[in-house]
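Accompanying notes for the structure given below.
The values are calculated or read from the model by the stated rules, or taken from the named source; none is laboratory data. Keep in mind that this is a model prediction, so the values were computed, not measured. Cβ placement follows ideal geometry from the backbone for every residue including glycine, while neighbour counts extend to all protein chains displayed. All accessible areas refer to the heavy atoms of the entire protein, side chains included, with ligands and DNA or RNA removed. Shrake-Rupley method; radii C 1.70, N 1.55, O 1.52, S 1.80 Å.
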Amino acid sequence: MRSISRFTFAFVLAGLVGTARSSTMDGEQLFTDYVEPMLRKHCYECHSHSAKKIKGGLVVDSRGGLLKGGDIGPAIVPGKPEKSLLLEAISYKDPDLEMPPTHRLTEQ
């Protein structure tokens, strides 16, 4: 199975929720093949419409949920992946915002 970097993850998410698209990359296919399964595996238990209790007010199983974000702001800022709280959380750059909380994701 191919892997994608955190940068590509942010790029794909920013492209899907924004208007920017890459002519050399099928962002929707990358999202479907790699990003959505990662979100499902590591995030949906606490951050989806089907979660028993949505934590932090954040749902990541819809475009609207990513754009709206949670209690601390939008998860994704269209066209500005460097401002993405979601990317910051999975990068463990801020000790107060580390997701998933039980383990750090690998670069893949």
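Here are the numbers for this structure:
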quantity: Identity of the residue in the range 58-75, part of a helix (DSSP H, G or I) and closer than 19 Å to Lys41 by Cα, that ends up most open to solvent (accessible area, probe 1.4 Å); calculated: Arg63
quantity: Test: residue in the range 59-77 that is of a type outside the set (Phe, Trp, Tyr), closer than 18 Å to Phe31 by Cα and more than 13 Å from the chain's Cα centre (by Cα); calculated: no
quantity: Residue match in the range 1-16 (condition: modelled with pLDDT under 90, aliphatic (A, V, I, L, M) and open to solvent by 90 Å² or more (accessible area, probe 1.4 Å)); calculated: yes
quantity: Any hit, the range 42-56, residues being surrounded by fewer than 17 Cβ atoms within 10 Å (Cβ to Cβ), out of contact with any His (no Cβ under 9 Å at 6 or more places or on another chain) and in a helix (DSSP H, G or I); calculated: no
quantity: Residues of the range 76-98 that turn out to be among the hydrophobic types (A, V, I, L, M, F, W, C), assigned to a loop (DSSP other than H, G, I, E, B) and in contact with a Leu (Cβ under 8 Å, 6 or more places away or on another chain), as a count; calculated: 1
quantity: Members of the range 83-108 found to be open to solvent by 20 Å² or more (accessible area, probe 1.4 Å) and either touching a Pro at 6+ places or on another chain (Cβ under 8 Å) or in contact (Cβ under 8 Å) with a residue 24 or more places away in the chain (or both), listed by number; calculated: Leu85, Leu87, Leu97, Met99, Leu105, Glu107, Gln108
quantity: Residue in the range 24-35 that is open to solvent by 30 Å² or more (accessible area, probe 1.4 Å) and modelled with pLDDT under 55 present; calculated: yes
